[in-house]
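Contents: one structure, followed by commentary.
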Amino acid sequence: MVLVYAESPGGQFKKSAFEAVTYGKKVAGLLGTSCVAVVLGANASGAGELGRYGASRVVQVADAALDHFDSQVYAAVLSAAARELQAGVLILNHTSGGKSIAGRLAVRLQAGLVSGVNGLPVASGTELRVKKSVFSGKAVAEYAIVSPVKILSLTGNAVRPEAMGQPVAVEPLAVPVPAARVSVKSVKTIEGRVPLPEAEVVVSAGRGMKDPANWGIVEDLAAALEATTACSRPVADSEWRPHHEHVGQTGIAIRPNLYIAIGISGAIQHLAGVNNSKVIVVINKDPEAPFFKAADYGVVGDLFDVVPRLTEAVRKFKAAH
Amino acid sequence: MKILVCISQTPDTTAKISFTPDGASFNPAGVQFIMNPYDEWYALVRACEIREAGGGTVVALNVGPAANEVTIRKALAIGADEAVRIDADPSSAAFVAKQVAEYAKAENFDLIFLGKETIDYNGSEVGAMVAEHLDLPYISNASQLHLNGNAATLERDIEGGVEVLEVALPLVLSAAKGMAEQRIPNMRGIMMARSKPLKVVPPVALDEPVKTIGFTLPPAKAGVRLVDPEQMDELVRLLHEEAKVI
Ligand SMILES: Cc1cc2nc3c(=O)[nH]c(=O)nc-3n(C[C@H](O)[C@H](O)[C@H](O)COP(=O)(O)OP(=O)(O)OC[C@H]3O[C@@H](n4cnc5c(N)ncnc54)[C@H](O)[C@@H]3O)c2cc1C
Ligand SMILES: Nc1ncnc2c1ncn2[C@@H]1O[C@H](COP(=O)(O)O)[C@@H](O)[C@H]1O
């Protein structure tokens, strides 16, 4: 059986959970088995909806102690659930939560873990072979998980949530919940758009913008596309933009469907965080800018002319569709 | 305060990545290696700051072959007091975590620092594994750490925000941007590093649950399609009809 941990930070299921269940259902199909989703916390409501994405059963450990995240507690509960339900494959998201618990589960269940996968595995005898992107997107590695229990964590935006079933009744699951040692004092959320790791469209700008006061044209384009904004590192370092917008090797790695880079040269450390994007558009006045080599579409021109024109074109398109 | 900092060695980001002809392993020929930036800039520097403020010892640990000693000496030059090298090829996250945990078990560290991920295999796996082996709390992607006696206050980057946490030492944490500012080793540090202790420890065995089959290069991009800067409607049309992303 394939067990999917459907995460619900703050009691909400987000796209990541639907992606993981969709992926779990496909893995279960490959292995000729079923896909079960497990949900942690008392206030995660609407868990039965996970059935739509392919979970044939949804079990919930509805203990209020799980409404706050502590990797140690979550790993203890999830490994107990995996044992109880005799899971052969465990699937998590490669998110901040998943990264904190996947390694713990691997130790507890003596399971092989491959984290950050973006495609389906292949079964080969008792092994599971799976690929992932390594060296910041510069290569692909293939691994064989040889242990009886196998764990995969799925990169965000790698799989599209698909409707493959019906909502199901949520079954309670009783497993011991140890006391937490970490206490969550508060959560500061960034208001506004979809968080960068989850965004499907990202509009990003660099030092070519010259001055933070010029960001209005970037914001306008992002608003027209319903996109999340990002920036290059020097822009965040000089406090032109908030640090949470910094993408690249030392910032956040993202893989949106569309990444629009405005006045960014395309240094290798920047590319390391964005070159897994499905489609890259580069706007730069320098035809020799290295970013054009990594781009799908390019516009050679002055961003102060091109960006407002692109925003206009997008608005026109959105109005017509 | 006894602090352990796990440091790994990775190819420089600008290195050209290639593999042995059979595709089975990474080809290190001609590659410049560096200390993993998260380990160096954030974990190690914050560990040194904490020792400077409250006393104690910072131990830098690497699982790797003798060739890694250049990187280990750099950690000593930046400010670690002593170093340990577990003499083995770091074949997997499970293997590395087992070595770190085995060493740390007997040493009673108050804090165990890692980087949020290595920039080569991009796993973010080792920290959680170490914490589980040692039955300790683990805070991943920590961008702030403040201590008040035995109590730690941390900030952890999560999707779309920051969590503020409290936990008592000992604990394991992985460091992200924000934790500290990069330090460049000075001449005095480099000189002192030469005489600081670097202990070599044999590895413990592990039945590897994951085996590496091999590597390939990703398919090359088709090449950029240039659109006239006056023709932004055309770009939008391409993004809609051809790329199907809007
Ligand atoms: C270890 C390490 C880690 C790093 N990590 C990161 C990281 O995570 N993320 C990151 O982004 N960087 C990172 N960097 C920095 C990186 O090497 C580059 O310095 C940085 O990405 C450059 O930012 P930029 O493209 O905004 O600026 P620049 O390189 O200055 O490029 C500005 C671009 O704007 C164009 N331009 C200027 N004016 C106009 C105009 N009017 N119209 C159109 N185009 C215009 C120019 O042609 C140029 O290509 C790292 C560096 C190191 C050494
Ligand atoms: N060979 C190694 N020796 C010591 N520490 C390591 C080694 N490999 C990884 N680490 C630590 O584990 C962190 C996360 O690595 P990873 O799980 O591979 O992304 C790194 O930032 C280091 O702190």
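Key figures
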quantity: Residue satisfying all of: in the range A:60-72; under 23 Å from the mean Cα position of the chain (by Cα) and open to solvent by less than 10 Å² (accessible area, probe 1.4 Å); nearest to A:MET164 (Cα to Cα) among these; calculated: A:LEU66
quantity: Test for A:LEU303: is it farther than 22 Å from B:ILE246 by Cβ and within 14 Å of ligand 1 (Cβ to nearest atom); calculated: no
quantity: Given (1) more than 7 Å from chain A (Cβ to nearest Cβ); (2) open to solvent by 90 Å² or more (accessible area, probe 1.4 Å); (3) not small (Gly, Ala, Ser), number of the condition B:LEU226 does not satisfy; calculated: (1)
quantity: Test: residue in the range B:49-63 that is under 22 Å from A:GLY273 (Cβ atoms) and in contact (Cβ under 8 Å) with a residue 60 or more places away in the chain; calculated: no
quantity: Selection count where residues are at the interface with chain A (Cβ under 9 Å from one of its Cβ atoms), touching a strand residue (DSSP E or B) at 6+ places or on another chain (Cβ under 6 Å) and of a type in the set (Lys, Arg), scope the range B:197-223; calculated: 1
quantity: Selection count, the range A:99-124, where residues are assigned to a loop (DSSP other than H, G, I, E, B) and either on the phi > 0 side of the Ramachandran plot or within 7 Å of chain B (Cβ to nearest Cβ) (or both); calculated: 2
quantity: Condition met for A:ALA141 (open to solvent by less than 10 Å² (accessible area, probe 1.4 Å), assigned to a strand (DSSP E or B), at pLDDT 95 or above and assigned by TED's automatic domain parsing to the domain that holds A:TYR74); calculated: yes
quantity: Looking only at the range A:88-138, and only at residues there that are farther than 13 Å from A:ILE151 by Cα, of a type in the set (Gly, Ala, Ser) and free of Cβ contacts under 8 Å to residues at least 40 places away in the same chain, the one that is most open to solvent (accessible area, probe 1.4 Å); calculated: A:GLY125
quantity: Hits in the range A:45-58 - residues which are open to solvent by 10 Å² or more (accessible area, probe 1.4 Å) and either touching a Leu at 6+ places or on another chain (Cβ under 6 Å) or modelled with pLDDT under 95 (or both); calculated: A:SER45, A:GLY46
quantity: Those residues of the range A:267-287 which are near ligand 1 (Cβ under 6 Å from one of its atoms) and in contact with an Asp or Glu (Cβ under 6 Å, 6 or more places away or on another chain), in sequence order; calculated: A:LYS285
quantity: A:PRO234 within 26 Å of B:THR118 (Cβ to Cβ) and not assigned by TED's automatic domain parsing to the domain that holds A:GLU19; calculated: yes
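Here's the yes/no breakdown for (1) farther than 25 Å from A:GLN249 by Cα; (2) acidic (Asp, Glu); (3) within 13 Å of ligand 2 (Cβ to nearest atom):
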residue: B:LYS74; (1), (2), (3): no, no, no
residue: B:ASP81; (1), (2), (3): yes, yes, no
residue: B:SER91; (1), (2), (3): no, no, yes
residue: B:LYS98; (1), (2), (3): yes, no, yes
residue: B:VAL130; (1), (2), (3): no, no, yes
residue: B:ASP135; (1), (2), (3): yes, yes, no
residue: B:GLY149; (1), (2), (3): yes, no, no
residue: B:LEU154; (1), (2), (3): no, no, no
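The values are calculated or read from the model by the stated rules, or taken from the named source; none is laboratory data. Everything numeric in this text was worked out from a predicted model, so none of it was measured. So basically every Cβ, Gly included, is an ideal-geometry build from the backbone, and we count neighbours across all protein chains shown. Side chains are part of the model used for accessible areas, which takes the heavy atoms of the whole protein and leaves out ligands, DNA and RNA. Shrake-Rupley method; radii C 1.70, N 1.55, O 1.52, S 1.80 Å.
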